[in-house]
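A.B. asks: Here you go, one structure.
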Amino acid sequence: MRMDDSRDTKRPTERWPKRKLRARIRAVSEDVPIIGAGMAGLAAAVSLREVGFRAVLVDKSRAVGGRMSTRTIGNARFDQGAQHFAIRSDSVAKLLEPAIEAGVVREWFRTRDGRARYVGVGGMRRIPEFLARNLDVRTVTQVERLAVENGRVTVLARN
């Protein structure tokens, strides 16, 4: 990845005003920064962990999940975004197998052609919450810029 101005020799923290920089997340050589803690970001982090890397997920929202969001108003609970899903690949089946075994995901119904549809028990947001339980996730953090120096990525963010 190249910086926009390759002639700029200042360090990342000198290039941007400190008043805008609220949090600095430095990824060390074995860390991988992932922007977004939706299902794609969580799946990437889980996969990276399986091969020995440590991912740091950064998300601007208050909670993980992205489109898998559950809202509660009074006594009513509803899924805002994805309401159900299908498992169509071995990699997704492997990712969600622990959640199914833990009772976080259950089969909802089958289509006429026999394909299963699944839901999160207690709301769809429970699925990404389950996947994120052992990951380093930084929510309410807005990424300002990414910088690459000496093969390392620095995420410049504010929260």
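A.B. asks: Which condition number does ALA40 fail, the rest of (1) within 11 Å of the chain's Cα centre (by Cα); (2) assigned to a loop (DSSP other than H, G, I, E, B) being met?
C.D. replies: The single condition ALA40 does not satisfy is (2).
A.B. asks: Looking at this structure, is ALA82 under 20 Å from ALA40 (Cβ atoms), modelled with pLDDT of 95 or more and not acidic (Asp, Glu)?
C.D. replies: Values: under 20 Å from ALA40 (Cβ atoms): yes; modelled with pLDDT of 95 or more: no; not acidic (Asp, Glu): yes.
Here the answer is no, as ALA82 does not meet what is asked.
A.B. asks: Same structure, new question: Which of the numbered conditions does ALA37 fail, given that it passes all the others? Conditions: (1) small (Gly, Ala, Ser); (2) modelled with pLDDT of 95 or more; (3) surrounded by fewer than 13 Cβ atoms within 10 Å (Cβ to Cβ); (4) within 29 Å of GLU144 (Cα to Cα).
C.D. replies: Result: ALA37 passes all but (3).
A.B. asks: Can you name the strands (runs of 3 or more DSSP E) wholly within the stretch 86-159 that have at least 3 residues being modelled with pLDDT of 95 or more, charged (D, E, K, R) and surrounded by fewer than 13 Cβ atoms within 10 Å (Cβ to Cβ)?
C.D. replies: Hits in the stretch 86-159: 105-110.
A.B. asks: List the residue pairs whose Cβ atoms are under 7 Å apart, where the first residue sits in the stretch 54-71 and is among the acidic types (Asp, Glu), the second is crowded, with 19+ Cβ neighbours inside 10 Å and part of a loop (DSSP other than H, G, I, E, B), and the two are 6 or more positions apart or on different chains.
C.D. replies: Cβ pairs passing all conditions: ASP59/ALA37; ASP59/THR141.
Residue-by-condition table, conditions (1) in contact with a Ser or Thr (Cβ under 6 Å, 6 or more places away or on another chain); (2) touching a residue at least 12 places away in the same chain (Cβ under 8 Å); (3) more than 19 Å from GLY66 (Cβ to Cβ); (4) not acidic (Asp, Glu):
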| site | (1), (2), (3), (4) |
| --- | --- |
| PRO98 | no, yes, yes, yes |
| GLU101 | no, no, yes, no |
| VAL104 | no, yes, no, yes |
| THR111 | no, no, yes, yes |
| VAL119 | no, yes, no, yes |
| GLY123 | yes, yes, no, yes |
| ALA132 | no, yes, no, yes |
| ARG152 | no, yes, yes, yes |
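A.B. asks: For the stretch 68-79, name all the residues that are exposed (fewer than 14 other Cβ atoms within 10 Å of the Cβ) and not in a loop (DSSP other than H, G, I, E, B).
C.D. replies: Our first condition is that a residue be exposed (fewer than 14 other Cβ atoms within 10 Å of the Cβ); within the stretch 68-79, this holds for 71-78.
Within the stretch 68-79, ARG71, THR72, ILE73, ALA76, ARG77, PHE78 qualify.
A.B. asks: Same structure again: Before we move on, is ALA45 at pLDDT 95 or above, closer than 21 Å to LEU156 by Cβ, within 18 Å of the chain's Cα centre (by Cα) and crowded, with 18+ Cβ neighbours inside 10 Å?
C.D. replies: yes
A.B. asks: When only residues in the stretch 48-67 that are part of a strand (DSSP E or B) and in contact with a strand residue (DSSP E or B) (Cβ under 6 Å, 6 or more places away or on another chain) count, which is surrounded by the fewest Cβ atoms within 10 Å (Cβ to Cβ)?
C.D. replies: ARG54
The values are calculated or read from the model by the stated rules, or taken from the named source; none is laboratory data. Worth saying up front: this structure is predicted, and the values here are computed from it rather than measured. Positions of Cβ are generated from backbone atoms using ideal geometry, with glycine treated the same way; all protein chains shown enter the neighbour counts.
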